[in-house]
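A short reminder: the numbers here are calculations on the coordinates, not readings from a lab. Just so it is clear, the structure is predicted and the values come from calculations on it, not from any experiment. Note that each Cβ is placed from the backbone with ideal geometry, even for glycine, and that neighbours are counted across all protein chains shown.
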Amino acid sequence: MLLLVRRRLAAAPGRWLGVTGVVGGVTAALVALSAAGVVAGDRSARAVLGRGPVESRAVVLSRNGGATGRVDRMARDALRVVGATRVARSVLFQPARFGHTVLRLAALDGAGATVRLRTGRVPRGRCAPRRCEVIRVGGPAPRGPLPRAGLRLVVVGTGDVRSPVPFGFRPRSGHPVAAGGAHDQVVLLSGDPAGLEGSVALASVAHVQSWSAVLRLGRLHGWQAAGAARRLIRVLGRFGRAQAGFTATSPAGRLRLAAARYEAAPGRLLAAGAAGIAVLTGLLLLAAGGMRPGVRAEDARLLRAGASGGQRALLIALETGTAVALGAGAGALAGALAARFALAPGSAAGAATARALAGALAPVALAGFAAWALVALAVSARPRLLRALVLLALAAAGAALTSLLVASPPSEAAALPAPIVPLAVLTAGLVLAMILPAVLRTLSRTRSGSGGRWPPAVIELARNPAPGVLAAATLAAATGIAGYGLAYHATLVRGHADEARQRVPLAATLTPGATLDSAVARRGLSGWSRLPGAAAVAPILRDDVFASAGPTRTSLSLLAAPAHVIAAVTGRRAATAGALLPAAFARARAGVTLPDHAARVRIPARARGDRVTVALFARSRAGAVERLSLGVARPRPAILSAKLPPGLRGGRAEALSLSPETGQLLTSAHQTAEGGGGAPASGTLSLGPLLLGGRRGRLAGWSAHGEAHGPPGAIRYALTGEDAAIARPPAPIDRHPLPVLADAATAADARLADGLQLDLGDAEIPVRVLGVARRAPTIAPGRRFVLADVSAVTGAVDAARPGAAAPRELGLAARPGRERVLEAAAVRAADDDGLGVQTRLGVLHRLRSEPVAREAAGALTVALMLAAVAAGLGAGLAARQALRTGRRALLDLEIQGVAPGTLRGTLARRGTLVALLGVAGGVALAAALAPLAASGVRAAVARAPDPPLTALMPWGREALVALALLLLAILAGALAVAGALREPRPLLPRDAETAG
Amino acid sequence: MIECRELFKVHRTAEGDAAALQGLSLEAPAGEMLAVLGPSGSGKSTLLRILAGLERPSAGRAEVAGADIGRLRTGRAARHRRALIGLVGQSAHRALPPTLTLAEAVALPLGLRRVPRAEAHARAGELLERTGLLGVRDAHPDEISGGERQRAAVCAAVAHRPRVVLADEPTGELDAHASREVLALLASLAGDGACVLLVTHDPAGAEAADRVVRIRDGRIAQEGQEHDAMLVVGRGGWLQIPERLLAAAGIGRHARARSAGGGILLEAPVGATAPAPRARLAAQAPPRPTVGPVTAELRAVSKAYGSRRVLQDLSGSFPPGRLTALTGRSGSGKTTLLRLLAGLEAPDAGGILIDGEPLPTGRAALAMLRAAEIGVVPQELDLPPFLTARELVALPHQGRAVDPEAWLAAVGLGQRAGQRAARLSPGERQRVAIARALAGGRGLVLVDEPTSHLDEENARRIAELLAHVAYELGASVVCATHDPIVAAAAHRTWAL
């Protein structure tokens, strides 16, 4: 039997090389996909490991109180075991007052390496009671001389600590220690933690000491992350058990996340590429068709010669197995070589290739076995059994597909189960293969019945559909996959753009940095609008507020930006968005101008009743609002006054606030705290015009609001809290509620309650919901929101408390084609001003560089290429097979006088018909698969994109691809038969030649 | 050794059920060579496939070497066949693995039965020596002649010393000499104690057999050689009277039977109209296409395949209105000559003229010439299997007025016009090919072994049709044959 198989394989390699080639292609694709998965997973993991602040990569062991030398050694050893190369011990004392200064003492091993010196030098020597050298790394310079009792601190320089790891924050010389921290706190750093910690003078000061090290996670590969996480947890756990009182922070979570990303990527890529491989199934069956006549003939011979069933099966198994095994081996080798050479040097190409091969082993073995079984069945089974098997496969694929679709219906928000697309392709191919012959037969009968006759090409296809239908099914699957790939790509690109727009509505967004200064405060709107490439600036106000709709009170996000920006980012029609800015809400420049020459601001005041503290809200030219306390109005007429800071000169007085006198305010608060009701400060207040360096600022039209009412000349008040009433010019909010857009739920609540009230803390603003927005930029999905024009919101809030609602963010819009210029300028400017910045292009770049989504798109590109190959090869193989199996029939027709050109034309027309049927089916399949693209992208990116993805099918491109595949298939089919029947004489069968 | 009782076999097809066997009963003891004759489509091959366990009967019993093979499970039937039965097929070139040498091919069945290699090769050598093939033991099947291949196929079929040998028209494609060799080999097997059942329509096969039975319509109708054949009385008294006797007695659809002188007298009922004698096919007035007279002429034509010279300086002509029979043993060049005339091969030397013009060069021009002037019936028939008989006849004559139904009726296939070639028997396919070659009214008709798959009656019918086309319609018909019926109908004979 072996001899027979060997001779057969050697005699006609053309018969089985097709199978070998396709299996080789599948195997190479699997190995390449596996390699791409390893690389994508590695990149994804490394993105997790290398990204984020340095403290997220640090291991820190901390304990309160002192530590012996043994503990020090053990802590250092534990950190070294987990891969730390440099361990720093640090001590941080709680702030303590030394004389006039609040000192916070700290010490750090090797301070010289961690501190960026500004002045002086780094501390030297041990920290001893008689001399302990320190540098100032935080807070202002001490106001007086440092204490000497028990510990003589000698400041030898100033500097900044480079890393936040040792102390949990990053003290900087001349800066407050932390946001909200005491501004006068001074941080002094020694270079000798043990010495400082052992100082008797500090024995009573609570302190924390830490051993820290920054792990070089960026050097790890994805496949090393899981091991590193396990080792970290094991070592720190062991250390924790040995040494009580320690707390440990480590990047174990980050490592595990990286490991999870690494492990998930190959599967996701294989899932993406599996669809392409499913196309090759059809090609494999076509190639197997080339083996079928020879094997069937040999099987019939063996049957007649008395071979047992096992021997006949062995012949088929050996012959098909050899072809498949050769293909699998060659494919694995080719895939490994391609992966090895495609990986950039230095990217651990060898290790990645080895892992790719190991990862591909199971899929290759499975695919190889499946291919072997498929080829053996296709080669050996009788037509009836084949039909039954096709039906069975169709039923199985259909059932699996249905159960998957029922179990997890694809939607924009759900990840697509990996097998759905390959199963859909397989099912569609099988359905087409089952339906097409019946359709062709029916057509053929119809024409015969009407007395006409189809061309022989159609008749043959109708009556002997197997190879042609298989080619059509392959082509349909290829076209369908190509369509899905295009839809996937378009959806991914659109999703990235939407997500970038969602995160950064304009070209860039500037946010306050560590200093908490806003971008507007740093440069003013005009300063930002002068940035290169800037088209416009948009102040953005964001706040978490409460909304009251009748009895319902819910938390929601208020996002205010210029109306045109809201219109652009929410997709509302301009007309609707324009309603956000009714003329009445155009913020008038109301108030009294503060002359440049005025050094003081004064106002005649008299309170008939309880005393009232009067303050002035003034806005500078730059837009900053300041509250100036003018004094207390008493029953006796008096002129209240305050110094007008230079920054406010030239600005405007926007409102006068009224509060109970401090004593009454405290008494009232005490009474309230005790459970009683504090009595309000009540009476009538008379305020004269503002006196501004010889000019009078009339308060005509002003009136009191809040816990007071009436014109400035006769304000009746009953005040319970600070700034409980305000006197100001008229504002639009007095007459109209604030127009907003809201999410559907909030809009529904407002509709039910016939109105909505926003509580911004300093102000309660009535709002009117003009329309519903499906989503809002930068607002998390599911979170309620209202969107409003920023000037309308600030105007409304200013009416309650001027300056309380200043936009903290700034959006920068770019001129067309100047996005990159603006991005660079904004990043530079934000860096200079210590602001946070996010650019849309930057976000887009990060999203696009998401490794798995990118590689999945790459896998689908490969699938597209495979589809093209499948289309060409399928058509070519079908044509060659038709030529081979029909060779004798063609010869017979030629003997009867049918010209070879006519016969070639018949074959070419048959190929064209097959290609047309296949591509038409493929376009239908693409239409069916396209809606799954959003779900497919969702599966690849392994997160929920915001906004949700919308499946997109670029029909123009799909039409072009379908046309290209059609032409390719027709061309391949024509080329396959172009050389046929061109010998000078017909090639007669050899056995016939030797017959008498 | 073989005992069939009331065998029925119904083939289910898309066009309807067809009964191949209708209560066939047969016995053949060990040591006997039994020839089964019958027209094409009478059920001969079906009987053989049932006896080989390759098909199951619809009803009845088929006992082979002690087992009812029709009722055995597939695996047991295969084991039974493997142990006791040798099968000789119709086409020798399909019986031997083309990649093995003759010695390997003959030894292969023994290898399949786990006979040690040395023993298998010794047995193969013995059989090849006995059949005169030892000299070509290392040749591949496509390097030897058809007769040699068929003998090698018989060697392979009997290498394991089967007790039953089933041979399906083993001499159908062979000349008389090669046929004799094969038949002698089969007879020697019977002599060795095997039961040989030979399905054939070759009179030489019948003569070589110990006993002859004839099948008609799926039943054994007659037994014995033609000159003293006895009718076989079937179950329930069914008799099948030969058509010529019925026609001679003027019996049509009804007959009256009565005892007469110790026998049975069968006669037409009184008053019944005698049917018209069954029309001879040639006289069924096939269409009379306009045939332009064509003369084919050979001028010192030579042709060789490698070192083997097949034709040497052959000259002569084939005038219109004549049926010329080309005769000669296998390898004498009959088929080669037809191919040269059809332009399917080029002569090594000499010239071929059609109506005084040399054959054109180029496949397209030659195809056009054939379409217009030359009808060809090749020996190896590979009709496009997806086309119906009607379409096959009409296809080469597109643009010309051809009546496929009439020509199919002329070859006795009027009822099968709508059947696809794949579902026709070899004999029926052969007749379709003949109808197709004659239908176009072409002046030169080249026919290669037109009766190799036909029974005697159909062979006679086809011979008469060819003669009719030549004599009555004026075509020049050249027919390579070793069938004496065709040779007898020919106007002249060329012996090669």
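Under the rule a/c < 1.5 gives rounded, and otherwise a/b versus b/c splits prolate from oblate, where does region A:684-842 land using the Cα gyration tensor?
Oblate is the answer for region A:684-842, as a/c is 1.5 or above yet b/c matches or exceeds a/b.
Modelling each spin label as a point 7 Å along the Cα-to-Cβ direction, I'd like the A:Glu722/A:Arg231 distance in nm, to one decimal.
If labels sit at A:Glu722 and A:Arg231, their model points lie 5.6 nm apart.
List the relative contact order of region A:31-145 as a percent without decimals, with contacts defined as Cα pairs under 8 Å and 6+ residues apart.
Dividing the mean separation by the residue count of region A:31-145 yields 13 percent.
What are the trypsin sites (Lys or Arg not before Pro) within region A:26-70 that DSSP puts in a loop, where the Cβ has at most 16 other Cβ atoms within 10 Å?
A:Arg51
What is the distance in Å between the Cα centres of region A:465-526 and region A:766-835?
Here the answer is 23 Å between Cα centres.
Classify chain B: rounded, prolate or oblate, from the alpha-carbon gyration tensor (a ≥ b ≥ c, eigenvalue square roots; a/c under 1.5 rounded; otherwise prolate if a/b is larger than b/c)?
oblate
Could you give me the radius of gyration and the Dmax of region B:108-168, taking only the C-alpha atoms into account and expressing both in angstrom?
Both quantities, over Cα of region B:108-168: 11.5, 31 Å.
For a test of the definition: using alpha carbon positions, the gyration tensor, and the 1.5 limit on a/c, classify the protein assembly as shown as rounded, prolate or oblate.
prolate
Within a 10 angstrom radius of each residue's Cβ in A:305-315, how many Cβ atoms of other chains show up on average? Whole number is fine.
Rounded to a whole number, the mean comes out at 6.
Determine the distance separating the Cα centre of region B:236-251 from the Cα centre of region B:1-77; give it in Å without decimals.
Measuring centre to centre over Cα atoms gives 26 Å.
Can you spot the lysines whose alpha carbon is less than 27 Å from A:Lys643's alpha carbon? Ignore those fewer than 8 places along the same chain.
Answer for A:Lys643, where 27 Å is the Cα cut-off: none of the lysines qualify.
Using Cβ contacts closer than 10 Å as the measure, can you line up B:Arg114, A:Arg621, A:Arg355 from fewest to most?
With the fewest neighbours first, B:Arg114, A:Arg621, A:Arg355 line up as B:Arg114, A:Arg621, A:Arg355.
At 7 Å along the Cα-to-beta-carbon direction for both A:Arg783 and A:Arg382, put a label point, then send me their distance in nm to one decimal.
7.0
Quick one: of the DSSP bridges fully inside chain B, what percent are antiparallel, nearest 5?
About 55 percent, rounded to the nearest 5.
Could you let me know the centre-to-centre spacing of region A:910-935 and region A:201-215, using Cα atoms, in angstrom?
Taking the Cα centre of region A:201-215 as reference, the centre of region A:910-935 is 69 Å away.
Contact order normalised by length for chain A, with contacts defined as Cα pairs under 8 Å and 6 or more residues apart; what percent is it?
16
What ³J(HN,Hα) values, in whole Hz, does the Karplus curve 6.51 cos²θ - 1.76 cosθ + 1.60 give for region A:429-444 when θ = phi - 60°, with x put for Gly and Pro?
x, 5, 4, 4, 4, 7, 7, 4, x, 5, 4, 5, 4, 4, 4, 4
Over region A:658-741, what is the mean sequence separation of C-alpha contacts under 8 Å (at least six apart), divided by residue count, expressed as relative contact order in percent?
Averaging sequence separation for qualifying contacts and normalising by length gives 32 percent for region A:658-741.
For B:Ala30 and B:Leu231, FRET efficiency with R0 = 22 Å and r from the beta-carbon atoms, rounded to 0.05?
0.25
Hey, with R₀ at 56 Å, roughly what FRET efficiency would A:Arg152 and A:Leu666 work out to, going by the Cβ-Cβ distance, to 0.05?
Calculated value: 0.80.
Assuming R0 = 35 Å, can you tell me the calculated FRET efficiency for the pair A:Asp759 and A:Ala944, based on Cβ-Cβ distance, to the nearest 0.05?
Efficiency, rounded to the nearest 0.05: 0.70.
Among A:601-614, B:235-248, A:787-800, how do they line up from the highest to the lowest mean number of other beta-carbon atoms within 10 Å?
A:787-800, A:601-614, B:235-248
Which lysines does B:Lys44 reach when only Cα atoms under 16 Å apart count, and residues fewer than 8 places away in its own chain are ignored?
B:Lys9
Let me have the 222 nm mean residue ellipticity of chain A computed from DSSP H runs of 4+ only, each contributing -39500 (n - 2.57), with the sum over all residues rounded to the nearest 500.
After summing the helix terms and dividing by the residues of chain A, the value is -17500 deg cm²/dmol.
Angle between the Cα long axis of helix A:252-305 and the longest principal axis of chain A, 0 to 90 degrees, nearest 10?
Taking Cα atoms only, the helix is inclined about 10 degrees.
Let me confirm one metric for peptide B:386-396, namely the mean number of other chain beta-carbon atoms within 10 Å of its residues' beta-carbons.
Counting other chains' Cβ atoms within 10 Å and averaging over B:386-396 gives 4.
How crowded by other chains is B:98-111, given as the mean number of beta carbons from other chains within 10 Å of each beta carbon?
Mean shielding count: 4.
Antiparallel as a % of all DSSP beta bridges within the protein assembly as shown, to the nearest 5?
75
Excluding residues on the same chain fewer than 8 positions from B:Lys303, give the lysines whose Cα lies under 20 Å from its Cα.
Excluding near neighbours in sequence, the set is B:Lys334.
By how many degrees, 0 to 90 and rounded to 10, does the Cα axis of helix A:222-242 deviate from the longest principal axis of chain A?
50
About the Cα centre of region A:235-382, what is the dipole size in debye to 20, counting +1 per Lys and Arg Cβ and -1 per Asp and Glu Cβ, all else neutral?
380
Return, ordered by residue number, the residues of region A:293-308 whose backbone nitrogen is under 17 Å from a label point located 7 Å along Cα→Cβ of B:Arg73.
A:308
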